Each structure stands twice: as structure tokens, then as C-alpha cells.
Amino acid sequence: MSIWHQRSSNHIRCSFWKVAIAALLTTATCSLAHAQEEGEPVDKAQEAAENLANPNASIGFLTFPTDLKFYDGTLPDASSQQALRFNFQPSLPYNLGPGVNLFARPLIPVIISQPVYTGDGFENAGVALGDISIDVAVGKSWTGGIVTMVGGFVSMPTATDSMLGVDRWLAGPELVLGYVGDWGSFYVLVFHSWSLNNNDGGSISATGGQYFYTFNLGNAWQIQGQPVFSYNWNAPEGEELSFPIGGGISKTVMFGNTPVKFGAQYWYYLATNDTFGPKHQVRFLFTPVVPLPW
């Protein structure tokens with residue numbers, strides 16, 4: 001490939017991501033403006049925002065995280081690679097008693113574009129369904145604001161493109177520990193997964209999770225972060241840990257009687273795969289609250 005064609009290709013990719021980010025931001029801004037013009041009570045939106053920040057709240061919601069990732073690494077052309085992924089995760093808790101809930105939360109990823117390294121360089125895979133996972137847990141809210149959850153995690157080999165999945169069943173335990181107060185909340189979710197079946201890639205033993213924090217600013221505005229981390233115990237040296245820091249802003253508004261949260265976050269990876277891993281990530285969140293079916 002000539003230098004001119006390489007620069008042209010990089011320029012086109014860069015322009016695509018700028019347009020994608022601008023479109024998402026414009027859509028969110030217009031939606032917020034429309035909802036605010038409706039004049040719905042702010043206290044309902046504030047209550048919904050606080051409930052959404054509580055991991056053990058007895059409310060139903062559908063969350064749609066959209067992730068833009070920008071990569072780096074020692075592989076040739078690694079710093080020019082980007083990925084776009086759309087996720088869907090419903091949460092419909094079943095109340096078991098005062099302060100106790102049963103959660104079953106599937107995570108369904110749709111990979112729009114994902115760079116994959118082959119012997120001849122990078123190629124973009126997608127659009128495809130990724131590996132669907134589900135966690136099942138029981139949560140309890142204790143006096144003093146402490147929240148705990150205990151459960152299990154399963155990942156299924158549902159990827160429709162072999163380059164975008166691990167082709168293994170994964171399973172393991174899950175634990176959540178946190179605190180919820182008037183100012184906001186902080187909690188950490190940790191799970192460990194082992195491969196239940198192996199292939200030519202060998203076995204998998206990985207620890208992953210998220211840390212969540214929320215600071216209430218009033219009028220249903222919040223500062224929030226939910227970076228995702230992982231540690232692959234079987235990976236080569238320099239490729240084990242992925243750990244980002246970051247956060248952003250969110251606003252919950254009322255569309256009629258339906259609270260909807262909009263948010264945007266930026267994550268910077270302090271640790272990532274030295275060979276090829278994410279360095280920067282932008283996450284957009286769209287989360288409508290829905291009635292529980294029971």
C-alpha cells in the first residue's frame with residue numbers, strides 16, 4: 001500500500017469516528033432538550049437517577065452502552081485501529097423480600113467493527129453478534145448503606161464470526177460489594193471465569209469486573225464512571241492486565257412518565273495488552289426505566 005493510500009485510509013477512518021461521535025452527541029443533546037421542554041417534574045427524574053445508581057434497587061431498566069475503542073500496541077499499524085460495539089443489557093429484578101432482590105442480567109453484544117490481526121496485517125470484522133453472557137445474583141441492602149450481591153456468571157459461544165468470540169463456554173462466581181448514600185454510590189463487581197471446554201487456544205482462567213461510582217449533582221445530573229477491567233491468568237507476560245480509569249456525566253429526564261438516563265464517559269487505559277490493546281475508550285449510555293412484569 002502506498003503512503004498516500006495509507007494516509008487516505010487513516011483519514012477516512014478518523015472522519016468516520018468523528019462523524020459517529022458527533023451524531024451520538026447530537027442525538028443525546030436534542031433528546032435532552034426535547035424532554036426538558038416538556039416541563040416534567042425534576043424530582044421524579046432525580047429519584048429515578050438515584051435508583052439507577054443503586055445496584056440493588058427494585059426497578060427495571062434497559063441499558064444500551066455503545067463503545068468506541070481506540071487501540072495501541074507493538075503490532076504494525078496498531079495505533080490506527082478503532083472498534084465500535086453496541087450492547088444491550090436488561091435488568092428486571094425479582095423482589096424476594098425487604099431489601100433482597102434476584103437479578104438475571106444477560107449482556108448481548110453486537111460488534112459493528114472490530115480490528116483483527118492476521119499474518120498479513122489488520123482487517124476489520126463485523127457486523128456480527130458477539131458472545132452472549134449472563135449473570136445471576138441475589139442482592140441485599142444492609143443497614144448503613146452497605147450493599148452486597150452474590151451469584152454466578154456464564155458466557156456462551158454465540159459469536160457469529162469465529163474471529164470475534166472465544167469459542168468456549170465460560171463460567172464462574174460473582175461478587176458485588178458497595179455503599180449507597182445520599183451523595184451517591186460506589187461499588188465493585190468482580191467475577192472469575194474458567195473455560196468449561198477447551199480448543200486449540202487452550203484453557204481460559206480470567207478475572208474481570210467493573211467499578212462503579214456516582215456523585216449526585218442535583219436536578220438529575222450525576223458524575224458517573226463504570227470502567228471495565230480484566231486479568232487473564234493464562235496470557236503471556238505483558239498481555240494479562242487491562243485496567244482503565246475515567247468517568248463522565250449523565251442526566252436523567254422524563255419522557256412522559258418514563259425516566260430515561262443519557263450519559264457519556266471517557267476511559268484511559270493505565271494498563272493494557274502491550275502487543276495490541278485499547279488505549280482510549282468513549283462510552284455512550286441510553287437507559288430507559290421500564291415497569292417490572294411481575
Exercise. Quick one: how many residues across the range 55-69 are farther than 22 Å from Gly130 by Cβ, touching a helix residue (DSSP H, G or I) at 6+ places or on another chain (Cβ under 7 Å) and open to solvent by less than 20 Å² (accessible area, probe 1.4 Å)?
Worked result: 1
Seminar exercise, completed: Arg168 vs (1) open to solvent by 60 Å² or more (accessible area, probe 1.4 Å); (2) within 18 Å of Asp135 (Cβ to Cβ); (3) among the charged types (D, E, K, R): all pass except (1)
Seminar exercise, completed: Restricting the range 70-87 to residues that are open to solvent by less than 60 Å² (accessible area, probe 1.4 Å) and not in a loop (DSSP other than H, G, I, E, B), the one farthest from Pro115 (Cα to Cα) turns out to be Asn87
Exercise. Name the strands (runs of 3 or more DSSP E) wholly within the range 88-160 that hold at least 2 residues that are open to solvent by less than 30 Å² (accessible area, probe 1.4 Å) and closer than 30 Å to Gly181 by Cβ?
Worked result: 100-118, 133-141, 146-155
Exercise. Quick one: Asp182 ticks every box in (1) surrounded by fewer than 19 Cβ atoms within 10 Å (Cβ to Cβ); (2) farther than 24 Å from Gly225 by Cα; (3) not β-branched (Val, Ile, Thr) bar one, so which box is it?
Worked result: (2)
For this session: Would you mention how many residues in the range 137-188 are closer than 30 Å to Gly218 by Cβ and either in contact (Cβ under 8 Å) with a residue 40 or more places away in the chain or among the hydroxyl-bearing types (Ser, Thr, Tyr) (or both)?
Result: 15
Exercise. Within the set of pairs 6 or more residues apart or between chains, which connect a residue that is of a type in the set (Phe, Trp, Tyr) inside the range 201-222 to a residue that is at pLDDT below 95 and assigned to a loop (DSSP other than H, G, I, E, B) with Cβ atoms less than 8 Å apart?
Worked result: none
Problem set entry | Residue tally, condition of a type in the set (Gly, Ala, Ser), over 30 Å from Trp142 (Cβ atoms) and at pLDDT 95 or above, over the range 81-130 | 4
Exercise. Looking at (1) within 15 Å of Pro65 (Cβ to Cβ); (2) modelled with pLDDT under 95; (3) aliphatic (A, V, I, L, M), which is the only condition Ala235 fails?
Worked result: (1)
Exercise. Are there any pairs, at least 6 apart or on different chains, whose C-beta atoms fall under 6 Å, with the first in the range 76-103 and under 29 Å from Ala159 (Cβ atoms) and the second open to solvent by 80 Å² or more (accessible area, probe 1.4 Å), and if so, which?
Worked result: Leu102/Tyr94; Leu102/Leu96
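The values are calculated or read from the model by the stated rules, or taken from the named source; none is laboratory data. Note that the coordinates shown come from a computational prediction; the quantities given were computed from them, not determined experimentally. All Cβ positions, even for glycine, are placed from backbone atoms using ideal geometry, and neighbour counts span all protein chains on display. With ligands, DNA and RNA removed, areas are computed over all heavy atoms of the protein, side chains included. Shrake-Rupley method; radii C 1.70, N 1.55, O 1.52, S 1.80 Å.
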